[in-house]
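Accompanying notes for the structure given below.
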Amino acid sequence: MGKKKSLQELTFKSNFMFGAVMLDPKNCKGVLERSLGIEIERVEVSKEKSIVYNPEYKGIRLDVYAKDDNNTHYDVEIQVLRRAAIKKRARYYHGQLDMEILLSGLPYKDLPDTYVIFICDFDPFGQGKYRYTLKKICEECPAISMEDGAHTIFLSTKGKNKEEVPDELVRFLDFVAAPLSESERDFEDDFIRQLQNSVREVKESREMGARYMTFQELLNDEREEGLQEGRFLKLKEQVEKKLAKGCSIEDIADMLEEDIEVIKDIVAELQEEQ
């Protein structure tokens, strides 16, 4: 595990910094407009679902959730490291957006458009594009698409097709990719200057400094819980194998050097699963 970065070492693409900067509706609106190549009148950022704003929110949500005046809902996440299940993650976010909208009382026939956007510091599909817009189409008739209002966008800082996308998108993605030593340079772009100012304000804020410490503590807790769960599953597998060989609970506890009550609980759980 790498050395933990201080708040001063973070750049825009750091999960906490991205979440903090995007809490400002002006910043969120600008990022959405550049990501999608459209104009948006106004956006409302859901602070309650942000770990930056609300550390009591259960689970570490690294995405930013927003909606506009047309009730279009957006979910945006920075991806610095390549994840094997990033496509399934997009599916999960679409499901979450739809579920939250339906729980508000809206019938499914009136579901608004939703956008799930991943800003990647790598090329997710290896085709050298700055922007990948994915749609559901019919395999037998490619001209037929679902048109269900669910849009999935992947942006890549490693694009090579500058002639095919707006210059402002390329400048934005160059800023996203910039390491700390280059993140303050002049990108000759007013919106990026706005983002740079917001990054500086976050770093100078005592309140944000305290929230970053809380964020780090929650991440550590989740990692530890994950490790504990992994150890338990391994122990459970070992107990199951030894039971299959006819070993007694007492012998299993002795062989695995575990408390006999722990082994009894695992055996009971295995019996319930049968």
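Of note:
- Residues being in a helix (DSSP H, G or I) and aliphatic (A, V, I, L, M) - total across region 25-43: 3
- Residues (surrounded by 13 or more Cβ atoms within 10 Å (Cβ to Cβ), in a strand (DSSP E or B) and not β-branched (Val, Ile, Thr)) located in region 126-164: 131, 132, 134, 150, 151, 154, 155, 156
- Only a single item in (1) surrounded by 13 or more Cβ atoms within 10 Å (Cβ to Cβ); (2) modelled with pLDDT of 85 or more; (3) polar (S, T, N, Q) is not met by residue 216, and it is number (2).
- Number of the exception - residue 186 against (1) assigned to a helix (DSSP H, G or I); (2) among the acidic types (Asp, Glu); (3) within 21 Å of residue 167 (Cβ to Cβ): (1)
- Within region 145-166, residues that are closer than 9 Å to residue 131 by Cβ have Cβ atoms under 7 Å from residues that are of a type in the set (S, T, N, Q) and surrounded by fewer than 17 Cβ atoms within 10 Å (Cβ to Cβ) in these pairs: 153/133, counting only partners at least 6 apart in sequence or on another chain.
- Set 229, 207, 272, 240: member being loosely packed, with under 12 Cβ neighbours inside 10 Å, in a helix (DSSP H, G or I) and at pLDDT 85 or above: 207
- For region 1-24, a tally of residues being without any contact (Cβ under 8 Å) to a residue 24 or more places away in the chain and in a helix (DSSP H, G or I) returns 0.
- If you go through region 165-180 and keep only what is within 16 Å of residue 17 (Cα to Cα) and surrounded by fewer than 16 Cβ atoms within 10 Å (Cβ to Cβ), you end up with 179, 180.
The values are calculated or read from the model by the stated rules, or taken from the named source; none is laboratory data. Given the structure is predicted, the values throughout are model-derived calculations rather than measurements. Reconstructed Cβ throughout: ideal geometry from the backbone, glycine too, with neighbour counts over all protein chains shown.
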